Amino acid sequence: MKLKNENRWGLKVVDVAFLALIFFLTPIIISGNFSGEFFNIAAQAAEQAAEPAAEGGDAEKATSLYGPAPKTTLASYPTVKGVNSRIVIWLVAQLHLWFAAFVLAVPIFVFIIEAIGMRTRDRRYDNMAYEFIKVSITAYSLTAILGGLLLFSLVLFYPDLWSYLATIFKDSMFWYAVLFFAESACLYLYYYGWHWLQGGDRKWVHLTIGLLLNAVGTMLMFLANSWLTFMMSPEGVNAAGVFAGDIWPAIQNHLWNPINLHRVVANVAFGGSIVGAYAAFKFLSSSRAEDRAHYDWMGYTANFIAISALLPLPFAGYYLTTEIYAFSQQMGITLMGGIFAWLFIIQAVLIGALFLSANYYLWCCMGRSDGAVRYYKYIKYIAIVIVAAFLVWFTPHTLVLTNEELKALGGPYHKYIGPFGIMPAKNTAVNLMILATFVSFLFYRRANKVATVSWVNAGNAAQVALFVTGVINIFILGVYYGYFTNTVYKIAASIPQVCTTLVIIVISILIDSFMYKNAKEVAPLKWGRVPERSQYALFLLAVSFTWLMGLMGYIRSGIRQHWHVVDIMRDNSADAFTPTMGFAANVVSIGAIIFLSMVIFVFWLSQISANKTEPQNYWVPEAVDGIASTGGKG
Amino acid sequence: MKIPKLLQAVIVLAIVYYGFILVFDVILDHVIPSSLLTMYMFFVVAGVFMVFTATEEGTRELVAPVKALVEDPNKKMIRNVVFVILPLLAGWYTFEKTRLSFEAPVELRTIHPAPPTSMKAFGKRYNIIKLENPLRKLEKMDLKKFKEHVTAGAKVYIQNCHFCHGDKLDGKGPYAAGLNPTPANFQDVGTIAQLQESYLFWRIATGGPGPPKEAAPWISSMPIWQDFLSEEEIWQVILFLYDYTGYQPRSFGHE
């Protein structure tokens, strides 16, 4: 179809303007300049009322529009016979989060894939983007149902906490509900209008709806994030929990932005892995060569998305943890050095499993091209780096020692393994794991091609030099600054480490792009020619992500310990204790199994929706003919 | 002669396993904890099998002996032997791991108990998040005075702390062997080098009974030093701990 250039440019302008609006307004909102007008709720009056309370140190006596945080007793927590309220909230919240993460992430990369399809005019991208969003549409209603269930459970089992949070966040809760309608409208329009809004201007309208969907979805998540981070790092209230009246400080609390960043990145990684599992499921259940080729390509793309988001994820996590430490030494130590440290070991193991399965998938996928034989000999070296880095990555700070080992060592400290237990070693290890994974990806990209530019040797040498100097820099930063300077530099050294890794990746991609620009294809990629075990690596990726999210969700929430709102509102319910690690791990695992079962159900639904059965001798032929002859109007 | 892939994998795993034991237990004379070695080997096994099965050819070669063992009619005798021995080995391993013993169970001890946000000592309340060592600023303002405080801290340490924590601050004082858990080793990079001075002040002032509920599981036999030392003496001894070990206290502000 011929495009109407004028209108298309007009719509492009709308898109660009909208994007600009989002990107320029976000920092303004974050800097707080936008606060008063938007969430104005008699802020000044309430502030004046609350101030004397804070100054006088006796908040409860203060005259305020808002009371102090409720002081609960055991009787404040309604019970339902045979139901453990904490486990209900725990599981429902986690299930809601899993689905929400998925349905928020999928539109992000669907939007990008659709845009790539528009740019390249390759219909396969459009079809794949549609299939991605199709998977998320059933998950969307499950997200909403679970969100409703979470709300009911909170109101029912923790009424005082709910009413306290609702007092502070009533305005944002109202806008949350409104935005939810907006998101539903955008999503349904985006999905059901996919085939209607095709070609020329219509496609631009469709892409704009996709952009809106992402903007609204992200805002929804940010609002919900503010409620949970308020519970961890409350602001906008005084020591007794009296709300000052301005909702903005409560939203923009200390941990809000770190969680926002971490969740956006993690959602994309998680969403990519779930869609990858869907593609693997379809690949393994398809018998036609074309279908297998399609789902192989889809799985590869989903894995690419998941890994691209996984690579910066440790840094986002590190930023979040640093901020937790900075806000409260107690929470930080409980998290990394106290009871939750052992769960962090499981977390480290799962993250390592993610890297291992991602690399294994890439190695198996190199078999798509016969040209990959050149690179097989390097796989073992990449594996050695990844496994060695992985071992350092999950070495615990506190070792589990038998009495004999304790005696032999003369104490719980290990002179040589002990230093692996702290963050500088782990930061160094994770940077190396990321770089090794990137090398796997580089080899995969080169598998079917031979560079023809005259400076190919110089280009390769430059890349090798880049990696060598980069890795030396990472080691110096990790070992010297990590162990022989004070903690300010220890923590700060992680930033140049990350930058080094990113610089290596970016410059290397640039060199590779120029070097392989007009490369000769020696052995074309044959989509569908991958071993079935590679698809199980995709399943492992999805399962590891799911489990990891559940585990970290529990840890993040659990470090509040016996507080509903840290240092402000105490949890006095019968369950106000930190469960044993085994119990917690069981609940998380059960949650993961329920979620994955529901995901398989969603996959199955999308499978049966494509099946059509034409029953024999079931419908009365005359009736069908009659409708046909009257044009369906009776 | 080409070594079969399966045998290659087993040889690699054996080299890594005994390599760990050789390096740590023999050369470095510091045993590698069995729990850690098990974890390490689990992932080394995973890594080795991933490398060997990354290509179709490699996978075929790796599983060929196993396939032959199960399918080849000529290997009936060896098949039966393997099928008897394998479950027996698994059973023996399980029995060994689960049988009752007189060994005390291992404890999942945490290195640092989590501190409260505020504490009470010397008749007043301290906010641990904001608390700073009042003598630390002398390091830049009056080095001579700072050194005097460090020396005073050393005296306090030798008179009170070295019995457990050792004269080299390595947790190996004369009483250390009688304590479980053993006293903290301040030379270890994972102890005071990771902590703020306010944390040390809290632990020293409130001692063993100090940690709040949040700090569980925790056991400590450290005396409540606020009953024996002055506030200044505690800050002085903290200066000494960092000065002697060469570590800097954790801080979030830049110098």
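Selection of first residues in the range A:171-182 that are over 20 Å from A:Y140 (Cα atoms) and of second residues that are among the polar types (S, T, N, Q) and crowded, with 17+ Cβ neighbours inside 10 Å, restricted to Cβ pairs under 7 Å at least 6 apart or on distinct chains, gives the following pairs, ordered by first then second residue: A:S172/A:S226.
Is there a residue being of a type in the set (F, W, Y), away from chain B (no Cβ under 14 Å), open to solvent by 70 Å² or more (accessible area, probe 1.4 Å) and under 26 Å from the mean Cα position of the chain (by Cα) anywhere in the range A:591-608? Scanning the range A:591-608 turns up at least one residue that is of a type in the set (F, W, Y), away from chain B (no Cβ under 14 Å), open to solvent by 70 Å² or more (accessible area, probe 1.4 Å) and under 26 Å from the mean Cα position of the chain (by Cα). Restricting A:E114, A:E131 to those that are in contact with a Leu (Cβ under 9 Å, 6 or more places away or on another chain) and among the acidic types (D, E) reduces the list to A:E114. With respect to the conditions (1) farther than 24 Å from A:L310 by Cβ; (2) open to solvent by less than 10 Å² (accessible area, probe 1.4 Å); (3) touching a Gly at 6+ places or on another chain (Cβ under 7 Å); (4) of a type outside the set (D, E, K, R), A:A280 lacks only one, and its number is (1). Only one of the numbered conditions (1) within 13 Å of another protein chain (Cβ to nearest Cβ); (2) assigned to a helix (DSSP H, G or I); (3) hydroxyl-bearing (S, T, Y) is violated by B:Y244, and that is (1).
Got at least one residue in the range A:351-371 being among the β-branched types (V, I, T), more than 8 Å from every other protein chain (Cβ to nearest Cβ) and in contact with a Phe, Trp or Tyr (Cβ under 6 Å, 6 or more places away or on another chain)? Within the range A:351-371, not a single residue is among the β-branched types (V, I, T), more than 8 Å from every other protein chain (Cβ to nearest Cβ) and in contact with a Phe, Trp or Tyr (Cβ under 6 Å, 6 or more places away or on another chain). For A:N253, the criteria (1) open to solvent by less than 40 Å² (accessible area, probe 1.4 Å); (2) free of Cβ contacts under 8 Å to residues at least 24 places away in the same chain hold in every case but one, which is (2). Looking only at residues in the range A:396-416 that are facing another protein chain (nearest Cβ under 7 Å) and touching a residue at least 12 places away in the same chain (Cβ under 8 Å), the one that is most open to solvent (accessible area, probe 1.4 Å) is A:H397.
Checking each residue in the range A:429-445 for being open to solvent by less than 20 Å² (accessible area, probe 1.4 Å) and more than 14 Å from chain B (Cβ to nearest Cβ) picks out A:V430, A:N431, A:I434, A:L435, A:F438, A:L442. Among the residues in the range A:461-473, are any in contact with a helix residue (DSSP H, G or I) (Cβ under 7 Å, 6 or more places away or on another chain) and under 25 Å from A:M336 (Cβ atoms)? Looking for residues that are in contact with a helix residue (DSSP H, G or I) (Cβ under 7 Å, 6 or more places away or on another chain) and under 25 Å from A:M336 (Cβ atoms), one finds none in the range A:461-473, hence no. With respect to the conditions (1) touching a Gly at 6+ places or on another chain (Cβ under 8 Å); (2) closer than 23 Å to A:A100 by Cβ, A:N267 lacks only one, and its number is (1).
Kindly check whether there is at least one residue in the range B:11-25 that is within 13 Å of another protein chain (Cβ to nearest Cβ) and touching a His at 6+ places or on another chain (Cβ under 8 Å). Among the residues of the range B:11-25, at least one is within 13 Å of another protein chain (Cβ to nearest Cβ) and touching a His at 6+ places or on another chain (Cβ under 8 Å), which makes the answer yes. Here no helices (runs of 4 or more DSSP H) wholly within the range B:75-183 include at least 1 residues being at the interface with chain A (Cβ under 10 Å from one of its Cβ atoms) and farther than 30 Å from B:S35 by Cα. Once the range B:32-83 is narrowed to residues that are among the charged types (D, E, K, R) and closer than 29 Å to A:C365 by Cα, the residue that is most open to solvent (accessible area, probe 1.4 Å) is B:R60. Consider the range B:117-151 and keep the residues that are of a type in the set (G, A, S) and open to solvent by 30 Å² or more (accessible area, probe 1.4 Å). The one that is farthest from A:H562 (Cα to Cα) is B:G123. Screening the range A:330-350 for residues that are of a type in the set (A, V, I, L, M), more than 8 Å from every other protein chain (Cβ to nearest Cβ) and open to solvent by 20 Å² or more (accessible area, probe 1.4 Å) and picking the one that is nearest to B:T117 (Cα to Cα) gives A:M336.
Give the residue that is most open to solvent (accessible area, probe 1.4 Å), with candidates limited to residues of the range A:457-509 that are of a type in the set (S, T, N, Q) and closer than 25 Å to A:L310 by Cα. Among residues in the range A:457-509 that are of a type in the set (S, T, N, Q) and closer than 25 Å to A:L310 by Cα, the one most open to solvent (accessible area, probe 1.4 Å) is A:T469. Of B:I27, B:I11, all but one fail to be among the β-branched types (V, I, T), over 18 Å from the mean Cα position of the chain (by Cα) and under 25 Å from A:I417 (Cβ atoms); the exception is B:I27.
Contact annotation: residue pairs with Cβ atoms under 8 Å, 6 or more positions apart or on different chains, pairing a residue in the range B:144-170 that is over 15 Å from B:F228 (Cβ atoms) with a partner that is part of a helix (DSSP H, G or I) and open to solvent by 90 Å² or more (accessible area, probe 1.4 Å), are B:A154/B:Y244; B:L169/B:Y244.
The values are calculated or read from the model by the stated rules, or taken from the named source; none is laboratory data. Because the structure is predicted, anything quoted here is derived from the model rather than measured. Cβ atoms come from the backbone with ideal geometry, glycine included; neighbour counts cover every protein chain shown. Remember, those area values only see protein heavy atoms, side chains included, never the ligands or the DNA or RNA. Shrake-Rupley method; radii C 1.70, N 1.55, O 1.52, S 1.80 Å.
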